[in-house]
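Visitor: Before I ask anything, let me first share the structure, which is written out below as structure tokens.
The values are calculated or read from the model by the stated rules, or taken from the named source; none is laboratory data. Worth saying up front: this structure is predicted, and the values here are computed from it rather than measured. Note: ideal-geometry Cβ built from the backbone for every residue, glycine included; neighbour counts use all protein chains shown. The protein model used for the area step is the full one, side chains on, heavy atoms only, and it has no ligands, DNA or RNA in it. Shrake-Rupley method; radii C 1.70, N 1.55, O 1.52, S 1.80 Å.
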Amino acid sequence: MTDRIDTTRLQEMARAYTASAVLYAALDVGLFTQVSEGCRTEDALVETTGLRAVDVDRLVSCALSLGLLDWKDNELWNAPDVEAYLVQGTDRYAGPWMMFTRPDVPGWFQMTEKMRAPVSTKLGMYEDLTVESARKYHQATSSIGFGAARRFVRSVDLSNRKHLLDLGGGSGAYSITCVEQFEGLRATVLDLPPVVIATQEYINDAGVEDRVTTIGADFTRGEFPSPVDVVVMASNLPIYNREVIGDVVGRAFRALESGGEMHLIGEMMDNDRKGPVDAAMWGMNELICGSEGRAHTRDECKGYFSSAGFIDVEVTDFVAGTLVRCVGTKP
Ligand SMILES: C[S@@+](CC[C@H](N)C(=O)[O-])C[C@H]1O[C@@H](n2cnc3c(N)ncnc32)[C@H](O)[C@@H]1O
């Protein structure tokens with residue numbers, strides 16, 4: 001018996017953008033916040049959102065069918081992840097992060113034109129950053145960065161390390177969290193000149209100015225501050241192509257003292273490139289944002305480390321399905 005095939009999966013894919021649009025609109029009108037605050041009927045939602053009843057009906061149908069809302073005793077309730085992350089005013093609110101790539105939507109739908117007439121620069125979306133745009137960027141992404149950094153200090157013991165170099169450290173999430181966790185550690189965040197102004201604000205807020213410093217520089221060029229005994233490069237991988245990443249890893253190797261370690265954390269493809277989809281999409285995002293970056297596989301990352309001279313190179317899941325960590329030691 002042969003497996004029957006049909007168009008269901010393909011149709012869903014062809015219209016997958018509808019789910020993103022519904023999520024954005026639900027966040028725009030504060031749907032999940034209203035539900036959490038007790039508006040558990042459509043009548044109540046019409047009242048608080050000021051939308052037409054027919055649009056609340058449409059939006060609630062979409063949200064229920066996407067599993068964002070659920071019924072309990074004829075009342076609307078948020079799904080557990082929606083309640084945890086999409087209710088405004090809570091510590092874990094991730095709305096800005098969910099909306100972060102919304103401005104890229106038109107670009108994604110010009111993908112064909114962009115592939116046929118490519119325009120790219122080395123730094124892509126980071127080419128023309130201002131202090132203001134860097135602040136906005138990190139307001140949206142820092143909660144995710146600090147979450148990842150907390151996971152990092154739970155999985156990596158830096159208690160015998162003295163100096164961490166955080167390449168493309170952004171909000172300083174990894175540096176701040178690491179010095180808070182490991183008493184004897186100091187850190188340097190190296191990021192683009194407009195960004196480190198914003199980084200300094202996060203450092204001051206955390207009260208770790210005496211242990212975390214910044215350098216405004218482009219990590220694709222020049223030698224790194226040395227000696228250091230840990231290098232972290234997190235969530236930058238798809239922005240750059242093989243040559244740039246290999247070169248950065250090589251210069252990080254030179255900056256490390258013997259026995260030091262480097263951690264490269266990012267979205268990596270499985271070696272057969274059959275997943276994860278998210279990693280592939282971050283690679284494609286670089287076409288949309290105009291850099292020469294792409295999705296790198298786990299073996300490619302291992303290769304950058306081995307070619308630089310690192311030993312004991314290992315690649316492990318960091319956040320399953322999302323982030324992978326490649327680590328190596330300088331002999
Ligand atoms: C997605 S953020 C990650 C921030 C931080 N590592 C984290 O995980 O929270 C990427 C950061 O890399 C920085 N970056 C990208 N290209 C860079 C370059 N060529 N030189 C220095 N920093 C760069 C960006 O400015 C941004 O702050």
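Visitor: Tell me, what is the per residue accessible area of the chain in Å², probe radius 1.4 Å?
Guide: Working: 17370 Å² over 331 residues.
Averaged over the residues of the chain, the accessible area is 52 Å².
Visitor: What's the FRET efficiency of residue 41 with residue 197 using the Cβ-Cβ distance as r and R₀ = 45 Å, to the nearest 0.05?
Guide: After rounding, the FRET efficiency stands at 0.40.
Visitor: Summing Lys, Arg as +1 and Asp, Glu as -1, what charge do residues with Cβ under 9 Å from the Cβ of residue 187 carry, residue 187 excluded?
Guide: Values: positive: 186, 211; negative: 166.
So the surrounding residues net to +1.
Visitor: Could I ask something else about it? Give the relative contact order (percent, whole number) for the stretch 2-99; include only Cα pairs under 8 Å separated by 6+ residues.
Guide: Averaging sequence separation for qualifying contacts and normalising by length gives 26 percent for the stretch 2-99.
Visitor: Given a 1.4 angstrom probe, I'd like the percentage of the accessible area of the chain that is carbon and sulfur, rounded to a whole number.
Guide: After summing per-atom areas, the C and S share lands at 51 percent.
Visitor: Which of the aspartates and glutamates could be linked to residue 274 by a straight reach, that is with a Cα gap under 17 Å, when you skip same-chain ones fewer than 8 residues away?
Guide: 299, 300, 317
Visitor: What does the charge count near residue 204 come to, summing +1 for each Lys or Arg and -1 for each Asp or Glu among other residues with Cβ under 13 Å from its Cβ?
Guide: So the surrounding residues net to -3.
Visitor: Could I have the simple spin-label model distance between residue 131 and residue 254, label points 7 Å from Cα toward Cβ, reported in nm to one decimal?
Guide: Going from the residue 131 label point to the residue 254 one covers 3.2 nm.
Visitor: What FRET efficiency comes out for residue 205 versus residue 157 if R0 is 22 angstrom and r is the Cβ-Cβ distance? Round to the nearest 0.05.
Guide: That gives a FRET efficiency of 0.25.
Visitor: Give me the lysines in straight-line cross-link reach of residue 330: C-alpha distance below 21 Å, same-chain residues under 8 apart excluded.
Guide: The reachable lysines, counting only those whose Cα sits under 21 Å from residue 330, are 162, 302.
Visitor: As a test of the formula, what do you get for the chain when each DSSP H run with n ≥ 4 contributes -39,500 (n - 2.57) and the sum is divided by the residue count, at 222 nm and rounded to the nearest 500 deg cm²/dmol?
Guide: That comes out to -13500 deg cm²/dmol.
Visitor: Now for a different question. Using per-residue counts of other Cβ atoms within 10 Å, averaged over each peptide, order 266-272, 241-247 from highest down.
Guide: Details: 266-272: 18.6, 241-247: 16.7.
In decreasing order of mean packing, 266-272, 241-247 become 266-272, 241-247.
Visitor: Next up: Rounded if a/c is under 1.5, else prolate if a/b is larger than b/c, else oblate: which is the stretch 41-171, with a ≥ b ≥ c the root eigenvalues of its Cα gyration tensor? Numbers along the way, then the final one.
Guide: On the way: a/c = 2.68, a/b = 1.42, b/c = 1.88.
Oblate shape, in that a/c is at least 1.5 and b/c is the bigger or equal ratio.
Visitor: Based on the alpha-carbon set only, what is the convex hull volume of the chain divided per residue, in Å³?
Guide: Enclosed volume per residue, from the Cα hull, is 184 Å³.
Visitor: What relative contact order, as a whole-number percentage, does the chain give when Cα pairs under 8 Å and 6 or more residues apart are counted?
Guide: That works out to 13 percent.
Visitor: Tally Lys/Arg at +1 and Asp/Glu at -1 over every other residue whose Cβ is under 14 Å from the Cβ of residue 142; what's the total?
Guide: -1
Visitor: Next question. Please report the spacing between the Cα centers of the stretch 68-145 and the stretch 159-223 in Å, no decimals.
Guide: So the separation of the two Cα centres works out to 24 Å.
Visitor: Mind running the shape call on the stretch 8-88? Use the C-alpha gyration tensor, a ≥ b ≥ c as the square roots of the eigenvalues: rounded below 1.5 for a/c, prolate if a/b tops b/c, oblate otherwise.
Guide: On the way: a/c = 1.76, a/b = 1.53, b/c = 1.15.
Since a/c reaches 1.5 and a/b is larger than b/c, the shape of the stretch 8-88 is classed as prolate.
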